Amino acid sequence: MIAEIIPAKRMPLALPFLDYLVSTEDETKIQIGQLVKIPFRSREEFGVVFGIKNNTSAIAGQADKTSLKLKPITEIVFSKPILAKAQLEFLKDISDFYHVSLGFLLKNNLPPLQKRKLKKLITKDDEPDNEKSAFVPNKSELRRDKPELIVYKTQEEKNKIILENLDHTNGQTLLLVPEITSLEKIKTILPAEILDKTVFITSDLSPKEIFATWIEIWSGEKNIIIGTRRALFLPWFNLTSIIIEDEGNPNYKSWDMSPRFHTRDAALFLSKSHGAKLTMLSHSPSVETYFFAQKKVYSSENLEVKSFAKPIQLVDMRGERRIKNFSLLSQDLFEEFKNI
């Protein structure tokens, strides 16, 4: 038996995973998503099982020269998967779409792989499964609902939609926000019963805080996660709902650090991999989202378009400078805005 392993390190794009032999003893234990130790050059590295394939020629009794050269997996660290198969597929989609190393994305999706911290995961690994366990749900049929765009008019209307979606959650729910200030505002509207089962993820968390939160999600203790784009890379095992708050906000596009991606596009990949329902909330949708809603690629029941009172006309902004108007808006356009 041969396992395809994603090394938890930056690898060339042409080598997203490596093949390793599975010992006879481990053939009944190996699962997709397990954390393993593998020999890599002159040292050991951590990796995650991406796929498993039978060595058919060896089974038939014919020596496979390729498989004889493969190194065996050193150790299966946990019996339970550390990441779901759907999450690994999401990472592969992001890697292919944005041309980012799959191993680099995997490392960002894992907790700190330190001896002390791994002991805590081993303790959780030994606990018996219960109805809250994150490892029970294995979706045989993924839902294929269209992404939904909801355009709200007031802050109160938006808050009501968020609370309804969080209160009737079934499985894991992810609420994405464009920035930390938005997250703080949402905290103030959540009732105590929702706060008790909610964790918050931002890039400002310390490694210790991220690890503690990661364990709560991995073990199934918390099922509502609210965070910035960092929250996409978590151990999702039963993700059923994704909500993007203020979808048209430009802060959803990362530019300052790798991996560079658009949160909305990444959420589309995440919902496809996990079969989760994707809902986008916006007061002013982005041009792309509005276009797809208009073309019925996204579902939307309250998409309204106001026709212009005046015909479209081009304005030479050099003339605006002559009348001391140095803003980005012409005087005529500014007057139109005041009349809306």
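For residues that are surrounded by 12 or more Cβ atoms within 10 Å (Cβ to Cβ) and of a type outside the set (S, T, N, Q), scanning just region 208-217, find the one that is farthest from LYS107 (Cα to Cα). Of everything passing the filter in region 208-217, GLU216 is farthest from LYS107 (Cα to Cα). Of the residues making up region 218-234, those that are surrounded by fewer than 21 Cβ atoms within 10 Å (Cβ to Cβ) and part of a helix (DSSP H, G or I) number 1. Which one of these does PHE237 not meet: (1) surrounded by fewer than 21 Cβ atoms within 10 Å (Cβ to Cβ); (2) in contact with a helix residue (DSSP H, G or I) (Cβ under 9 Å, 6 or more places away or on another chain); (3) part of a loop (DSSP other than H, G, I, E, B)? For PHE237, the exception is condition (1). The number of residues in region 240-285 being among the small types (Gly, Ala, Ser), under 24 Å from LEU163 (Cα atoms) and assigned to a helix (DSSP H, G or I) comes to 3.
Considered as a group, the residues in region 162-179 that are modelled with pLDDT of 90 or more and of a type in the set (A, V, I, L, M) include one that is most open to solvent (accessible area, probe 1.4 Å), and that residue is LEU163.
Counting only helices (runs of 4 or more DSSP H) that sit completely within region 10-113, those holding 3 or more residues that are at pLDDT 90 or above and open to solvent by less than 40 Å² (accessible area, probe 1.4 Å) correspond to 85-98, 102-109.
Out of the residues in region 114-130 meeting the condition of being assigned to a loop (DSSP other than H, G, I, E, B) and charged (D, E, K, R), tell me which one is modelled with the lowest pLDDT. That would be ASP129. When you scan region 189-206, do you find a residue that is modelled with pLDDT of 90 or more and under 11 Å from the mean Cα position of the chain (by Cα), even just one? No - not one qualifying residue is present in region 189-206.
The values are calculated or read from the model by the stated rules, or taken from the named source; none is laboratory data. Every value quoted in this text rests on a predicted model; they were computed, and no experiment measured them. Positions of Cβ are backbone-derived with ideal geometry, glycine not excepted, and every protein chain shown enters the neighbour counts. Surface accessibility is based on the protein's heavy atoms, side chains included, excluding ligands, DNA and RNA. Shrake-Rupley method; radii C 1.70, N 1.55, O 1.52, S 1.80 Å.
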